[in-house]
2 protein chains.
Amino acid sequence: MSLTEAKQNPDTRERILDAAEALFVEHGFEATSMRLITGRAGVNLAAINYHFGGKEALIQDVFRRRLTWLNEERLRALDRFEKEAKGAPLKPHQIVDAFFGVPLRMAADTAHGGHTFMRLLGRTYTEPSAFVRQFLADEYAAVVPRFKQALFRALPDVPPEEILWRFHFMLGAMSYAIAGTDALQLVAEHELDEKDPEALARRLMPFLLGGLRAPLAGQAAKAKEKPPRKAA
Amino acid sequence: MSLTEAKQNPDTRERILDAAEALFVEHGFEATSMRLITGRAGVNLAAINYHFGGKEALIQDVFRRRLTWLNEERLRALDRFEKEAKGAPLKPHQIVDAFFGVPLRMAADTAHGGHTFMRLLGRTYTEPSAFVRQFLADEYAAVVPRFKQALFRALPDVPPEEILWRFHFMLGAMSYAIAGTDALQLVAEHELDEKDPEALARRLMPFLLGGLRAPLAGQAAKAKEKPPRKAA
DNA sequence: GTATCATTCAAACGGTCGTTTGAAACGAGC
DNA sequence: GCTCGTTTCAAACGACCGTTTGAATGATAC
């Protein structure tokens, strides 16, 4: 290996990343020791420090491996819709689909660890640890402004502040939808098969759109008759 | 103190609970050491084991102190609405208000640690640790079935399975709304003052109701003209 | 075969964890 | 004043943590 970085023994690196990803979902970052990770991966304890530099760096690489692609895919989806629209504002459902549909479809791809990773990602939005928060903020810095702008244009009658809040609410609903297998068992006793991520997307997207376009609090709650356009 | 349990030195106990609650929000369970807790509380390290029996027992007591009351309050709110309705099905917004409005108003009560606790609770729905999950399941066992039944009656046209999913989605949106100050900063850069929990409730409730009553996935998306009643 | 590199390995490092211990301090009842 | 049960305290326990080390192993090029 004459290259300065990367392309080190691919087998060991990948096995560590896979084991860490799965264990982080199961037990969280703090509770997952390096001995547990290397044990499951079948590699030596020192391999993590050798290949990644430390536990924090490993955590970041676990995310980077999939999150970078995920966010690029989101932007590609948004680009595609905007090209179609030829300068006209996008429809809310297109924006929601670009941002939330991509990870949901990623979660459906169980073969490539998509489901496991999306559960981890959902957990991590509430992660207290400072460096993880900083890392997420950096990874999303390029994506969020684009989607904010698109939503502002798509919903010109809704105050921008309100849109940001609803964006936040949608993030929460999606995170739980993916991560919260455990929380789900609070409401349903093994009745729902949460294993089918395609069905999950079919259920979640209408909910998100319904929330996004709900009448504003200030508006008359009794106004059951629709204004000419736009539910918001 | 001749009593077998309880009513031990109230000062030390409460100070430990307060310190633990705040620190759990800041750093999570695993990362919060007993030395950190007792240090902030200004009590001896051994006090936790003496008064609570161990770290796990402390965690459970931190929740029990507020969660039991919260769930009772939810049931009281539901009882009140059902008494008013005299046997008729409740309206969705009443059920949503009883379940989600109570914790939101609790979060507004910053003086009594409501805000801190609700942030902790939101975090904990995704908590990996097994004993915490079990504990939450026990605490919610008495509450969830009542609300499920109420929702089934209120939305007879919506398949029960779909209602459970949307209940789950609402849980996620609320949890993030309260817990996710940090996640919120992903979408807005210090623009939103998330300190006002009353405003939060005013924003969240319409979102939840909009999601709950959104058109089902199967139904024609183009059916912009309303059916005679009920958006769902 | 030998030199050179990247990688693996067993062992140990200092530190922090949750918990336990036994003695000291306190307070109410007599 | 003495006793007894409760609470506090400093100190220590063994276990596990993330990280480091230096030697062993493997592969490649000459």
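Please return the ranges of helices (runs of 4 or more DSSP H) entirely within segment A:38-150 where 1 or more residues are touching a helix residue (DSSP H, G or I) at 6+ places or on another chain (Cβ under 6 Å) and of a type in the set (Phe, Trp, Tyr). Working first, answer last.
On the way: elements: A:47-51, A:55-85, A:92-96, A:102-108, A:114-124, A:130-140.
The helices (runs of 4 or more DSSP H) meeting that bar are A:55-85, A:114-124, A:130-140.
Consider A:PHE99 carefully, then state whether it is aromatic (Phe, Trp, Tyr), under 27 Å from A:ALA199 (Cβ atoms), away from DNA strand D (no atom under 16 Å from the Cβ) and away from every other protein chain (no Cβ under 14 Å). No.
Given B:LEU78, B:LEU155, which one is closer than 15 Å to B:LEU208 by Cβ and either touching a strand residue (DSSP E or B) at 6+ places or on another chain (Cβ under 8 Å) or of a type outside the set (Gly, Ala, Ser) (or both)? Walk me through it before giving the result.
Numbers: B:LEU78 fails: closer than 15 Å to B:LEU208 by Cβ.
Result: B:LEU155 is the single residue among B:LEU78, B:LEU155 that is closer than 15 Å to B:LEU208 by Cβ and either touching a strand residue (DSSP E or B) at 6+ places or on another chain (Cβ under 8 Å) or of a type outside the set (Gly, Ala, Ser) (or both).
Identify all residues within segment B:151-161 that are buried (at least 18 other Cβ atoms within 10 Å of the Cβ) and not in a loop (DSSP other than H, G, I, E, B); write none if there are none. If you could, list the steps in order and put the result at the bottom.
Residues of segment B:151-161 buried (at least 18 other Cβ atoms within 10 Å of the Cβ): B:151, B:154-155, B:158.
If the condition is that a residue be buried (at least 18 other Cβ atoms within 10 Å of the Cβ) and not in a loop (DSSP other than H, G, I, E, B), then B:LEU151, B:ALA154 are the ones that fit.
Against the condition within 21 Å of B:GLN60 (Cβ to Cβ), of a type outside the set (Val, Ile, Thr) and under 17 Å from the mean Cα position of the chain (by Cα), how does B:GLY113 come out, does it pass? Yes, satisfied.
Looking only at segment B:37-74, residues that are within 14 Å of chain A (Cβ to nearest Cβ) and within 16 Å of DNA strand D (Cβ to nearest atom) come to 2 in all.
Sub-6 Å Cβ pairs linking a first residue in segment B:91-102 that is under 16 Å from B:MET118 (Cα atoms) to a second residue that is surrounded by fewer than 20 Cβ atoms within 10 Å (Cβ to Cβ) and among the charged types (D, E, K, R), at least 6 apart or interchain, are B:VAL102/B:GLU73, ordered by first then second residue. Considering the conditions (1) within 7 Å of chain B (Cβ to nearest Cβ); (2) at pLDDT below 80; (3) closer than 22 Å to A:ASN71 by Cα; (4) surrounded by fewer than 18 Cβ atoms within 10 Å (Cβ to Cβ), A:GLY180 is excluded by exactly one of them, (4). Quick test of your reading of the structure: B:SER33 fulfils all but one of (1) at pLDDT 95 or above; (2) in contact with a Lys or Arg (Cβ under 8 Å, 6 or more places away or on another chain); (3) within 14 Å of chain A (Cβ to nearest Cβ). Name the failing condition by number. Going through (1) at pLDDT 95 or above; (2) in contact with a Lys or Arg (Cβ under 8 Å, 6 or more places away or on another chain); (3) within 14 Å of chain A (Cβ to nearest Cβ) one by one, B:SER33 breaks only (2).
B:ARG66 passes every criterion in (1) more than 16 Å from DNA strand C (Cβ to nearest atom); (2) at pLDDT 95 or above; (3) buried (at least 17 other Cβ atoms within 10 Å of the Cβ) apart from (2). Selection of segment B:38-59 for residues being near DNA strand C (Cβ under 8 Å from one of its atoms), under 18 Å from A:PRO128 (Cβ atoms) and buried (at least 20 other Cβ atoms within 10 Å of the Cβ) yields only B:LEU58. Tell me yes or no: at least one residue of segment A:156-164 is out of contact with any helix residue (DSSP H, G or I) (no Cβ under 6 Å at 6 or more places or on another chain) and facing chain B (nearest Cβ under 10 Å). Within segment A:156-164, one or more residues are out of contact with any helix residue (DSSP H, G or I) (no Cβ under 6 Å at 6 or more places or on another chain) and facing chain B (nearest Cβ under 10 Å). Checking A:LYS226, A:LYS195 one by one, the residue that is surrounded by fewer than 20 Cβ atoms within 10 Å (Cβ to Cβ) and either farther than 24 Å from A:GLN94 by Cβ or modelled with pLDDT of 90 or more (or both) is A:LYS195 and no other.
The values are calculated or read from the model by the stated rules, or taken from the named source; none is laboratory data. If you're wondering where the values come from, they're calculated on a predicted model, not measured in any experiment. A quick note on method: Cβ atoms are made from the backbone with ideal geometry, for glycine too, and the neighbour counts reach across all protein chains shown.
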